[in-house]
Amino acid sequence: MRNSERGTGNEYPGEQQEMKTPGKMIVLFILGLGALVFLVPVVLIFLTAFKPDAEIIHFYSIFPKSWTLENFREILGNPEEIPIFRWFLNSVLISFMVTSLVLVVDSLAAYGLARLHLPGRKWVFTMIVATLMIPGQIFLVPVYLILNRLGWLDTPLAIIIPAGAGAFGVFLLHQFFLGIPRDLEDAACIDGCSRLGIYRHIIVPLSKPALSTLGIFAFLGSWNDFLGPLVFLDSVDKYTLPVGVALFQTSYFAEYGLTLSACVICTTPVLIVFLLFQRHIIKGISLTGLKE
Amino acid sequence: MKYKSTLFRYSGYVFLLPYMALFCAFLVVPLCYGLVLSFFDWEMISPFPPKFIGLGNYGEALTSPYFWKALWATIRFVIMIVPSVVLGALLIALLINNVPQKQESFFRAAYFFPTIISISVAGILWRWFYNTEFGLFNSYLQNLGIRVHWLSEMKWAMKSIVLMTLWWTIGGAMVVLLAGLKQIPDQYYEAAAIDGANAIHRFFYITLPLLRPVLLFVIVMSIIGSFQVFGQTFMITRGGPELSTRVLVQYIYETAFSNYRMGYGAAMSWLLFLVIAVFSLIQFRLIKER
Amino acid sequence: MQPPGNIKSAFKTSLRILLCAFLLVGCELGPSRKITVRFWNGFTGPDGRTMLKIVKRFNRENPDIRVLMQRMDWGTYYNKLFVAGIGNRAPEVFIIHAGNIERFMQANFIRTIDDLVAGENGMDTRDFSENIWNAVEKNGRHYGLPLDVHIIGMYYNRALFRKAGIVDEKGEPKPPETREEFLKALSKLTKDVNGDGQNDTWGFVLTWYWTNLYSLMCQWEGKFFTPDNDKCLLNSPENVEALQFCVDLIRKYKYSPPPENFDSWIGFRQGKVGIAFEGIYMLADLERQKDLDFAGAPMPVLGKVPAAWADSHILCLKTGLEDKKLDAAWRFMKYLSDNSLDWAEGGQVPVRSSLRNTERFRNMKIQWEFAKQIPYIRYVPRVPFIFEYGQEFNVGVEKALRGTLSPKQALDEAAENVNKIIERRNKMIEENLKRRP
């Protein structure tokens, strides 16, 4: 039986497949309905971005009465006031660096905590997870002061480096690593090998789903991060996309058309990253495929 | 066993080093600052320097009706959202896991898409949906003669936020659970099927136990995240009507940054931390025991 | 399919290249001989773009100075301003609302400008309307340069007025000026056109409680605090009367929709509302609504005396600036003040009467109308705990309008809560003063 045909595990060599099709159809139908519900609001955002501001306010209908590109033109055509390509570049760079940093640093730490016999590792792990429970605003002022001391304010470093301290990745990967059978590591190391070797050649390939998941979240979190870049960056040309886009929203009202079209521009890269990464969250590795 | 060489054993610490360096610099140090600050009465932009008042801030919070009202709003939210998100995400992940690969990619993207949208845009969108007068939902419901005051009636306001949050966050939990499901080796299912176990048995005796660490992660993160809810209520109801949806993090934010009372804000943050820690600990115990 | 390790290293290499390119591009080559003046404000949206144009012009006309403007929405703006203040990175010039200035004054965060105003590059302070100039005064010294005054006024829908027949002899829509005219107009404007039991057009909506109710309470001559700000008088009978009037508009006369059912400003933009009170800064928003035929007028006198809420953007200087920077910053501030007519086009009113008495300002129709109220504008009470007070005010008004409490009960409760805040602060101040040697 091939992995790609695996279903609920009902198939095993020899089972008849007659009861599969109606079951599968129901599942597909339910999922399809749900997907529709989830996607409709997103489609609405995209459609509304093509409406002129005057029409948006009336909320007449879902489809634009008069399709217009004026929102996009205003955003993209004003590089002096709205340096959106610059913001885009900043966001791309920062998010990729954050993702790389998080993937490397967190996976090393999570492996250490999950597998290695370090004294006090339970306490360290608890402390790390505990930091997730503290509301983020409390970090704002002290981190600002630290970054000021380091001279990193108003540079991309102010956003990238502190992101590596987040406990989310460590927690996530730790739980995933716990799920990898220990005997795999023992078996593959009969001739003796280094920890780093085990890590590189066994853990990392086996945790592709986990690493891809974390990669997606790290990228997404960094891409949509608003408060950090807002407070730690001063110059308009260093802004990331969310902060730049917020310039269309005053405290009194929002320029809906511009905001929504900016959202369209902001969302597309993340979608692409997601589609790229999610290919790695494939079906589980078959144990028989590994060398014993 | 061959790994007993000292180098081998202590190389473990090196694994932790990069992360712990960042962790100490950007989490532990600021936390200590916040903890110390919570014992002081300090207003930003004030002619007076910080003044040590011991547990004064904590005392004020625990006797303040605003604090309890905000905490209650948060707890209401948590109780409604955590079971729905976890169970919903689990259901969707299980369903998607049983679908051929081509459709699987599509469904995974579809359910995850809302999570990609930033909170400010999601907020604008759902404010339109929920508007009593001309919102999308009501304009369809009025054909059935129903008119719901989604955001302006106290009994509906929080539920509306919960619904929006479900849409916005279930994809994230689903993706994690799906990855966890993928990690369960086929062999276990095959072996069980050969022994004659049906789908329900396989779920409870193979899937669930092997998924436990990842499931624990999703539940705990869900609790932690929902206790810290802020963006949704801030964007959609601004804490109204009549402060009924003003969650604790919004109150802390206003205290620290609009009322400039940093010490008091820090103390309330630590109180929130205690509440979250207790809830999470309960979850850890409940799930680990079995 | 490559294992993640390879992808990661590929990422990292390409990123390192990109990062280097990015840093090079962003680098400034060589030291700059210009004096840098950082200017922060909360002007996002269209007024931000207006201000940016003025700043650019200044930079062109003054090649020895470079003004760097940074803007973000007001909520986060104040947070960032004081966080920067702690790190000693506050900008040279920044904007504060007159309503918030008390706290900054008390904390010595801003520099007085009397010496600059009286100096060689100074200006005639008599040009400022007195009540506006006094808004930045404390103990005889002035702490900032008012850039503009944004006043609340009456926006009305001319198309709806014509349809309802509220016109003068020439057939032009006639905005109401007294309470009787106001109520009469509302009765004609509130209509259920298609007979479905729901009103299709409303006479009036309340927008932002903070400004709307404050104006009305002032019109009823209500009090808010005792002169030494020691006790809150929000529940004085005049305020209760004013609030009762608003509640009556909703529940007795039914000229105004219940607040839970309506998004008021959007309703006005959609053309469903006849009259709304809002600030002059909403002008740009309305101008985007191409299908709305609207105009502006001074607020009608619904109470006993004319009054209208106002606030100002104040240009402030950081304390401790050294001479060259101070000089450059002041030159910039003066330039903005001299050019405030350009600023006014974005939906503001200049504070200098010389600028208001020009043909150009006269042609800004709506600003001109709103500016008529300057003699009787009212700034909000100057207390350092303005946000907390504002919260109680808004919640109290909300409860009364939604019918949860009667106006008297709501304001009693609000006043009581504010008094608790005052008590707490007085205790804190007392203890702090004891500590001082």
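The values are calculated or read from the model by the stated rules, or taken from the named source; none is laboratory data. As the structure is a prediction and not an experimental result, all values here were calculated from the model. Cβ: placed from backbone, ideal geometry, glycine included. Neighbour counts: every protein chain shown.
Return the total of residues in segment B:221-255 being touching a residue at least 60 places away in the same chain (Cβ under 8 Å), of a type in the set (Gly, Ala, Ser) and within 11 Å of chain C (Cβ to nearest Cβ).
Qualifying residue count, segment B:221-255: 2.
Within segment A:72-121, can you find the residues that are among the acidic types (Asp, Glu) and within 30 Å of A:Gly179 (Cα to Cα)?
If the condition is that a residue be among the acidic types (Asp, Glu) and within 30 Å of A:Gly179 (Cα to Cα), then A:Asp106 is the only one that fits.
In segment A:115-157, which residue that is of a type in the set (Ser, Thr, Tyr) and more than 28 Å from B:Phe279 (Cα to Cα) is surrounded by the most Cβ atoms within 10 Å (Cβ to Cβ)?
Per the criteria, the residue is A:Tyr144.
Just for segment B:46-88: of the residues that are assigned to a loop (DSSP other than H, G, I, E, B) and surrounded by 19 or more Cβ atoms within 10 Å (Cβ to Cβ), which one is farthest from the chain's Cα centre (by Cα)?
If we take residues in segment B:46-88 being assigned to a loop (DSSP other than H, G, I, E, B) and surrounded by 19 or more Cβ atoms within 10 Å (Cβ to Cβ), then B:Ser46 is farthest from the chain's Cα centre (by Cα).
Which one of the conditions (1) over 12 Å from the mean Cα position of the chain (by Cα); (2) modelled with pLDDT of 80 or more; (3) more than 8 Å from chain C (Cβ to nearest Cβ) does A:Phe274 fail to meet, given that it meets all the rest?
(1)
Of a type in the set (Phe, Trp, Tyr), within 24 Å of A:Asp53 (Cβ to Cβ), in contact (Cβ under 8 Å) with a residue 12 or more places away in the chain and out of contact with any Asp or Glu (no Cβ under 9 Å at 6 or more places or on another chain) - does that describe any residue in segment C:258-277?
Among the residues of segment C:258-277, at least one is of a type in the set (Phe, Trp, Tyr), within 24 Å of A:Asp53 (Cβ to Cβ), in contact (Cβ under 8 Å) with a residue 12 or more places away in the chain and out of contact with any Asp or Glu (no Cβ under 9 Å at 6 or more places or on another chain), which makes the answer yes.
Answer yes if at least one residue in segment B:151-170 is under 14 Å from the mean Cα position of the chain (by Cα) and either over 28 Å from A:Ser222 (Cβ atoms) or facing another protein chain (nearest Cβ under 7 Å) (or both), and no otherwise.
Scanning segment B:151-170, I find at least one residue that is under 14 Å from the mean Cα position of the chain (by Cα) and either over 28 Å from A:Ser222 (Cβ atoms) or facing another protein chain (nearest Cβ under 7 Å) (or both), so the answer is yes.
Exactly one of (1) at the interface with another protein chain (Cβ under 10 Å from one of its Cβ atoms); (2) buried (at least 18 other Cβ atoms within 10 Å of the Cβ) is unmet by B:Gln103. Its number?
(2)
Just checking, does segment C:321-337 include any residue being closer than 28 Å to A:Leu258 by Cβ, touching a residue at least 60 places away in the same chain (Cβ under 8 Å), buried (at least 18 other Cβ atoms within 10 Å of the Cβ) and assigned by TED's automatic domain parsing to the domain that holds C:Ala118?
Yes: segment C:321-337 contains one or more residues that are closer than 28 Å to A:Leu258 by Cβ, touching a residue at least 60 places away in the same chain (Cβ under 8 Å), buried (at least 18 other Cβ atoms within 10 Å of the Cβ) and assigned by TED's automatic domain parsing to the domain that holds C:Ala118.
Output the helices (runs of 4 or more DSSP H) that fall wholly within segment A:32-147 and possess 2 or more residues being away from chain B (no Cβ under 12 Å), or say none.
By residue number, A:53-56, A:70-76, A:84-115.
Counting only residues that are under 19 Å from B:Trp168 (Cα atoms), without any contact (Cβ under 8 Å) to a residue 40 or more places away in the chain and of a type outside the set (A, V, I, L, M), how many does segment B:106-134 have?
Of the residues in segment B:106-134, 6 are under 19 Å from B:Trp168 (Cα atoms), without any contact (Cβ under 8 Å) to a residue 40 or more places away in the chain and of a type outside the set (A, V, I, L, M).
Within the bounds of segment A:202-218, is there any residue that is assigned by TED's automatic domain parsing to the domain that holds A:Leu93, under 24 Å from the mean Cα position of the chain (by Cα) and closer than 30 Å to C:Leu81 by Cα?
Scanning segment A:202-218 turns up at least one residue that is assigned by TED's automatic domain parsing to the domain that holds A:Leu93, under 24 Å from the mean Cα position of the chain (by Cα) and closer than 30 Å to C:Leu81 by Cα.
Can you tell me which of (1) in contact with a strand residue (DSSP E or B) (Cβ under 6 Å, 6 or more places away or on another chain); (2) in contact (Cβ under 8 Å) with a residue 24 or more places away in the chain is the one C:Val397 doesn't meet?
Going through (1) in contact with a strand residue (DSSP E or B) (Cβ under 6 Å, 6 or more places away or on another chain); (2) in contact (Cβ under 8 Å) with a residue 24 or more places away in the chain one by one, C:Val397 breaks only (1).
Could you run through segment C:257-267 and say how many residues are of a type outside the set (D, E, K, R) and either at pLDDT 90 or above or in contact with a Ser or Thr (Cβ under 6 Å, 6 or more places away or on another chain) (or both)?
Counting residues in segment C:257-267 that are of a type outside the set (D, E, K, R) and either at pLDDT 90 or above or in contact with a Ser or Thr (Cβ under 6 Å, 6 or more places away or on another chain) (or both) gives 3.
Is it the case, given these coordinates, that C:Arg71 is surrounded by 21 or more Cβ atoms within 10 Å (Cβ to Cβ) and either at pLDDT below 85 or within 13 Å of chain A (Cβ to nearest Cβ) (or both)?
Answer is yes for this residue.
Condition check: surrounded by fewer than 23 Cβ atoms within 10 Å (Cβ to Cβ), in contact with a Phe, Trp or Tyr (Cβ under 7 Å, 6 or more places away or on another chain) and either over 29 Å from C:Pro259 (Cβ atoms) or facing another protein chain (nearest Cβ under 10 Å) (or both). Does B:Ser258 satisfy that?
So B:Ser258 passes the test.
List the number of the failed condition for C:Cys246; all other conditions in (1) buried (at least 21 other Cβ atoms within 10 Å of the Cβ); (2) within 10 Å of another protein chain (Cβ to nearest Cβ) hold.
The failed condition is (2).
Give C:Arg38, C:Arg66 a once-over and let me know the one that is within 9 Å of chain A (Cβ to nearest Cβ) and either modelled with pLDDT of 85 or more or under 22 Å from the mean Cα position of the chain (by Cα) (or both).
Going through C:Arg38, C:Arg66 in turn, the sole match is C:Arg38.
Can you name every residue in segment A:57-77 that is surrounded by fewer than 19 Cβ atoms within 10 Å (Cβ to Cβ), at negative phi and hydrophobic (A, V, I, L, M, F, W, C)?
Once the filter is applied, which keeps residues that are surrounded by fewer than 19 Cβ atoms within 10 Å (Cβ to Cβ), at negative phi and hydrophobic (A, V, I, L, M, F, W, C), segment A:57-77 yields A:Ile62, A:Phe63, A:Trp67, A:Leu69, A:Phe72, A:Leu76.
Given the residues C:Ile421, C:Ile429, which is the only one that is in contact (Cβ under 8 Å) with a residue 12 or more places away in the chain, farther than 26 Å from C:Asp285 by Cβ, touching a Phe, Trp or Tyr at 6+ places or on another chain (Cβ under 9 Å) and surrounded by fewer than 21 Cβ atoms within 10 Å (Cβ to Cβ)?
None of the other options fit; the residue is C:Ile421.
Provide a single number: the residues in segment B:261-289 that are free of Cβ contacts under 8 Å to residues at least 12 places away in the same chain, more than 10 Å from every other protein chain (Cβ to nearest Cβ) and either over 17 Å from the mean Cα position of the chain (by Cα) or closer than 18 Å to B:Tyr33 by Cβ (or both).
Counting residues in segment B:261-289 that are free of Cβ contacts under 8 Å to residues at least 12 places away in the same chain, more than 10 Å from every other protein chain (Cβ to nearest Cβ) and either over 17 Å from the mean Cα position of the chain (by Cα) or closer than 18 Å to B:Tyr33 by Cβ (or both) gives 3.
Condition first: part of a helix (DSSP H, G or I) and more than 7 Å from every other protein chain (Cβ to nearest Cβ). Now tell me which residues in segment A:162-176 satisfy that.
Once the filter is applied, which keeps residues that are part of a helix (DSSP H, G or I) and more than 7 Å from every other protein chain (Cβ to nearest Cβ), segment A:162-176 yields A:Ala163, A:Phe168, A:Gly169, A:Leu173, A:His174.
Might you let me know whether segment B:124-147 holds any residue that is more than 23 Å from C:Val273 (Cα to Cα) and buried (at least 19 other Cβ atoms within 10 Å of the Cβ)?
Yes, segment B:124-147 contains at least one residue that is more than 23 Å from C:Val273 (Cα to Cα) and buried (at least 19 other Cβ atoms within 10 Å of the Cβ).
With the condition kept exactly as written, say whether any residue in segment C:101-120 is within 14 Å of chain B (Cβ to nearest Cβ) and aromatic (Phe, Trp, Tyr).
Within segment C:101-120, one or more residues are within 14 Å of chain B (Cβ to nearest Cβ) and aromatic (Phe, Trp, Tyr).
Among the numbered criteria (1) within 30 Å of C:Phe128 (Cβ to Cβ); (2) away from chain B (no Cβ under 14 Å), which one does C:Lys318 miss?
Unmet condition: (2).
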